[in-house]
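Structure first, commentary second.
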Amino acid sequence: MPEPPNPGASVSRSVSLLLASTGIAAGILGWKSLLGIIPTDPAWSSMAARVGTAALALLPGAIVLWLMIATQMAARIVTGRFHPTEECDTAFMRLNQRAITNTVEQSLGFFPALLALAAGVAASFMPQVIALALVFAAARLIFWLGYLTRPALRAPGMAASFATLTATLIGAVWAWLV
């Protein structure tokens with residue numbers, strides 16, 4: 001049974017949708033602007049080089065996840081709350097854990113999809129692949145910082161990273177089916 005609406009909610013659904021739309025637009029603009037600065041590499045004619053480059057491009061996203069986890073560990077050390085099963089986490093720790101969980105969920109779809117996309121496209125498409133990885137990492141960072149600031153502010157990063165995940169999955173399926 002769905003929960004009843006919270007009349008005291010600080011951000012309306014329309015504001016969340018506006019923030020999400022802004023995140024998607026910013027992600028697209030960021031992706032397009034990155035295309036102009038990522039040079040092509042003749043080595044990308046090899047599938048191994050394309051997949052290796054895509055794996056390297058995933059490092060910023062992995063670093064964002066690492067920062068989230070390191071922050072959670074630091075919060076446990078600072079607060080002395082080492083046992084999450086004892087229900088003693090601070091509000092910050094609960095929010096940060098939710099951001100970590102969502103980032104792991106999205107990364108689990110995005111990382112293999114990006115590698116599959118890189119393996120299935122022509123060398124000339126690799127700047128787009130790299131730009132997708134960089135936008136995903138930036139969107140996850142924006143999601144995390146927004147979530148910690150005020151949970152409703154996670155919308156731009158969430159929407160941008162989900163749109164990037166969706167585009168990457170569609171691109172990978174397209175590259176292998178067509």
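The values are calculated or read from the model by the stated rules, or taken from the named source; none is laboratory data. Not measured: the values here are computed from a predicted model. As a convention, Cβ positions derive from the backbone with ideal geometry for all residues, glycine included, and neighbour counts pool all protein chains shown.
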State all residues of segment 50-61 that are touching a residue at least 24 places away in the same chain (Cβ under 8 Å) and either outside any loop (DSSP other than H, G, I, E, B) or closer than 10 Å to Met126 by Cα (or both); if no residue qualifies, say none.
Arg50, Val51, Thr53, Ala54, Ala55, Ala57, Pro60, Gly61
Look at Trp31 and say whether it is part of a helix (DSSP H, G or I), closer than 23 Å to Ser124 by Cα and either touching a Lys or Arg at 6+ places or on another chain (Cβ under 7 Å) or at pLDDT below 95 (or both).
no
Quick check on segment 1-28: of everything there that is exposed (fewer than 11 other Cβ atoms within 10 Å of the Cβ) and either touching an Asp or Glu at 6+ places or on another chain (Cβ under 8 Å) or in a helix (DSSP H, G or I) (or both), which residue is modelled with the highest pLDDT?
Ser14
Going by what's in this entry, would Arg50 be described as surrounded by 13 or more Cβ atoms within 10 Å (Cβ to Cβ) and at pLDDT below 95?
no
So which of Gly80, Gly61 ends up being out of contact with any Leu (no Cβ under 8 Å at 6 or more places or on another chain), surrounded by 13 or more Cβ atoms within 10 Å (Cβ to Cβ) and within 28 Å of Pro151 (Cβ to Cβ)?
Gly61
For Ile38, only one of the following conditions fails: (1) at pLDDT 95 or above; (2) in a helix (DSSP H, G or I); (3) surrounded by 13 or more Cβ atoms within 10 Å (Cβ to Cβ); (4) under 22 Å from the mean Cα position of the chain (by Cα). What is its number?
(2)
